[in-house]
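Notes follow once the structure below has been shown.
The values are calculated or read from the model by the stated rules, or taken from the named source; none is laboratory data. Owing to the predicted nature of the structure, the values given are computational and were not obtained by experimental measurement. Methodologically, a virtual Cβ is constructed for each residue, glycine included, from the backbone with ideal geometry; neighbour enumeration extends over all protein chains shown. The protein model used for the area step is the full one, side chains on, heavy atoms only, and it has no ligands, DNA or RNA in it. Shrake-Rupley method; radii C 1.70, N 1.55, O 1.52, S 1.80 Å.
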Amino acid sequence: MGIEVVVEGLTKSFGRKNIWQDITLTLPAGEVSVMLGPSGTGKTVFLKSLIGLVKPERGSVLVDGVDMVRSRERDVYEARKKFGLMFQDGALFGSMNLFDNIAFPLREHTRKKESEIRRIVMERLEMVGLAGDEDKLPGEISGGMRKRAGLARALVLDPEIILCDEPDSGLDPVRTAYTSQLLIDLNAQIDATMLIVTHNLDIAATVPDNMGMLFRRHLVTFGPREVLLTSDEPVVAQFLSGSRSGPIGMSEEKDAATLAREADDGAPGPLQTVPREVVPQLEPTPGLPERQAVRRRRERVLGMLDQLPPAARRAIEASLPQHTPLPRRVSTTRRPPGTGPEPGVPAAGAESPAPRPPQERP
Ligand SMILES: Nc1ncnc2c1ncn2[C@@H]1O[C@H](COP(=O)(O)OP(=O)(O)OP(=O)(O)O)[C@@H](O)[C@H]1O
């Protein structure tokens, strides 16, 4: 099973430019999480910080007792072997065929025999739908295939944590849908902790157990998917609706004067333009094992239900199998004024429309 990643008070600047500050979150063991955020908000820098390739000036990233920020380089190097990384472009060696690319980490970091390496590589190629393509060079295959080859390579050392940087970039909607299913199937098969950085709203809506968002150098929210998907934070609503109206601008966040001008012009805000609902999460392809994360997450989320905003709470309750006992301490009424949410849980605001109950798989 995957291991949790505990991030506390993480702050990163390059020179005088602060990228983000005081990021605190936990990637729950074996669950799939997504990090959203407009371009340039530092999502890739965040991924690199988790594996110790970028060193934040404050805070910690704990992985199995090792702080990826401050521990000795030798310990960080060892801990890094628990990670599998999938980069945007697959990051394959152009002169090696897919087999050798995928075998590379095994030859570099283990003493396995070639017969064992062949078995593992062929198994991973099969998992990502590339069986039969092992002799091709990266230049001879499509961008989507290169991404899947990159994913296969990320899997050969049996990672406990998988980080995927924009697995959808450059893919058409159909290939993106296959990628979403592949990520869920992968989680069912290996039960690793996964963090996916993406702009893609379909992946965001259907794949993760948990979602977070970076904006204006801060973590806007991080928690169960239903919290972000029903959030009335203007930046979240704008991002999820793909609207031009809201705090996100073309190159940087809009300044106060631009926002005020938009309000005066009566431009509809993202909250008015799109009725949002929580669509059901993808399930593994029939025949694959159940995702172990589902049961663990259910217990975890039920334990925090009464700290969540009402819209998120309703969405979670609607997604539960019938007759799931709810914890007795859960109140179905609003929290009394002034009690506020727990730390890390976004404030409850105006309520979103009630979500539809999840539909049966065909
Ligand atoms: N090594 C570096 N030195 C200086 N600045 C850097 C370095 N790496 C990243 N940055 C800056 O950090 C900021 C965040 O970059 P990052 O690639 O993490 O954004 P992102 O959210 O992943 O963007 P996108 O969604 O467009 O991929 C950018 O302004 C980038 O120029």
1.4 Å probe accessible area per residue over the range 62-132, in Å²: 57
The range 38-110 - percent of accessible surface contributed by carbon and sulfur, probe 1.4 Å: 51
Proximal lysines relative to Lys12, as straight alpha-carbon distance under 20 Å, when same-chain residues fewer than 8 apart are discounted: Lys43, Lys48, Lys55
Difference of contour (0.36 nm per residue) and Cα-Cα distance, Asp158 to Arg70: 29.2 nm
Centre separation in Å (Cα based) which lies between the range 59-91 and the range 134-168: 19
Net charge over other residues, Cβ less than 10 angstrom from the Cβ of Lys55 (K, R count +1; D, E count -1): +2
Sequence-distant lysines (8 or more away, or on other chains) whose Cα lies within less than 19 Å of Lys112: Lys81, Lys82
